[in-house]
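The values are calculated or read from the model by the stated rules, or taken from the named source; none is laboratory data. Remember, predicted model here, so these are calculated numbers, not experimental data. Note: ideal-geometry Cβ built from the backbone for every residue, glycine included; neighbour counts use all protein chains shown.
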Amino acid sequence: MVSEIFIRYVTTNGIEKTACFDSDETGINLDLRNIAQVDLLPLVWCEKIETICLRNNSLSEIDLSPLEKSGKNLKAVRLSHNRLQEINLEPLSSCPNLEEVSILYNRLKRVDLSPLFHCPNLKELNIDDDVGLTADLLLRSVGSWPEVLIERYHRILWKADPTT
């Protein structure tokens, strides 16, 4: 049975809005909506979701944790052209079919890529060149990495304690 989910968000003008999607949607597109805050919790009921697009908004933070439950089919997360200052990619480690992460044109200074080492199908990682990349030192000894992370090996600052 298909049910509807409602994703609530607040625009930069402070207006609360709701976007309605079927729970069996494969794509959630919230591009170009002037979103300042968004609650992605309803995505836990979207087990078929393959793409999430929140490009060209005004997000300064985002909680991707609902993807830990619903991300088994997720292929793309597109968050370019926002105001993100930090992002926790840990929920994406539960997305084995993830192929693309796009976080270009944000205000990110540093991103921990450790969770993406658990995404063997990752083909595209779109991130600004001036963003510092970190990863857990233990991952250096992992056998198979996504090619896109091998390409960035020289840019990664390997940390013994990934929380710092």
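For this structure, a couple of remarks:
- Residue that is among the aliphatic types (A, V, I, L, M), in a helix (DSSP H, G or I) and under 27 Å from VAL10 (Cα atoms), where the choices are LEU108, LEU92, LEU59: LEU92
- Filtered residue count, the stretch 129-164, keeping only those that are among the acidic types (Asp, Glu), at pLDDT below 85 and touching a helix residue (DSSP H, G or I) at 6+ places or on another chain (Cβ under 6 Å): 0
- The residue that is surrounded by the most Cβ atoms within 10 Å (Cβ to Cβ), counting only those in the stretch 40-51 that are under 14 Å from the mean Cα position of the chain (by Cα) and in a loop (DSSP other than H, G, I, E, B), is ILE49.
- Subset of the stretch 129-150 that is surrounded by fewer than 17 Cβ atoms within 10 Å (Cβ to Cβ) and among the small types (Gly, Ala, Ser) - its residue that is farthest from LEU108 (Cα to Cα): GLY143
- Some residue of the stretch 135-151 being closer than 23 Å to ALA76 by Cα, touching an Asp or Glu at 6+ places or on another chain (Cβ under 9 Å) and in a helix (DSSP H, G or I): yes
- Annotation note: of GLN85, GLN37, the sole residue that is in a loop (DSSP other than H, G, I, E, B) and modelled with pLDDT of 95 or more is GLN85.
- Number of the exception - SER70 against (1) surrounded by fewer than 16 Cβ atoms within 10 Å (Cβ to Cβ); (2) among the hydroxyl-bearing types (Ser, Thr, Tyr); (3) farther than 22 Å from ASN106 by Cα; (4) in contact (Cβ under 8 Å) with a residue 24 or more places away in the chain: (1)
- Total residues in the stretch 1-34, condition in a loop (DSSP other than H, G, I, E, B) and farther than 22 Å from LEU92 by Cα: 10
- Within the stretch 130-145, the set of residues being without any contact (Cβ under 8 Å) to a residue 12 or more places away in the chain and not hydrophobic (A, V, I, L, M, F, W, C) comprises ASP130, SER141, GLY143.
- Residues (in contact (Cβ under 8 Å) with a residue 24 or more places away in the chain, surrounded by 15 or more Cβ atoms within 10 Å (Cβ to Cβ) and of a type outside the set (S, T, N, Q)) located in the stretch 1-38: ILE5, ILE7, TYR9, VAL10, PHE21, GLU25, ILE28, LEU30, ARG33, ILE35, ALA36, VAL38
- When the stretch 101-128 is filtered for residues that are in contact with a helix residue (DSSP H, G or I) (Cβ under 7 Å, 6 or more places away or on another chain) and surrounded by fewer than 16 Cβ atoms within 10 Å (Cβ to Cβ), the ones remaining, listed by number, are LYS123, GLU124.
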